[in-house]
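Visitor: Before anything else, here's the structure in question.
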Amino acid sequence: GFEMNWDDGEVRLKTSIDLHGEPLTGPLLQGVLLANHHAMADHLPTLLKVIRGESTPEAAYEEATAE
């Protein structure tokens with residue numbers, strides 16, 4: 001999930017996987033990485049608007065969460 005520091009605009013994309021005591025395998029890791037890739041690809045245009053000063057973090061959040 002994404003986290004944002006509203007004071008300075010820093011954004012982080014965090015991931016976790018509960019292995020239930022099982023070893024981490026390539027396919028499990030690939031699934032997590034692919035999900036992160038899709039999340040970033042979906043939200044990168046909105047994040048770039050903030051970085052470029054074309055949008056405020058609040059407006060970007062509203063855009064990203066609008067359905």
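The values are calculated or read from the model by the stated rules, or taken from the named source; none is laboratory data. None of these values were measured; they are calculated from a predicted model. No Cβ is skipped: glycine too gets one built from the backbone with ideal geometry, and neighbour counts run over all protein chains shown. Side chains are part of the model used for accessible areas, which takes the heavy atoms of the whole protein and leaves out ligands, DNA and RNA. Shrake-Rupley method; radii C 1.70, N 1.55, O 1.52, S 1.80 Å.
Visitor: Within region 41-59, how many residues are closer than 16 Å to residue 5 by Cβ and hydrophobic (A, V, I, L, M, F, W, C)?
Guide: Total meeting the criteria: 3.
Visitor: What about residue 51, is it open to solvent by 60 Å² or more (accessible area, probe 1.4 Å), without any contact (Cβ under 8 Å) to a residue 24 or more places away in the chain and touching a helix residue (DSSP H, G or I) at 6+ places or on another chain (Cβ under 7 Å)?
Guide: no
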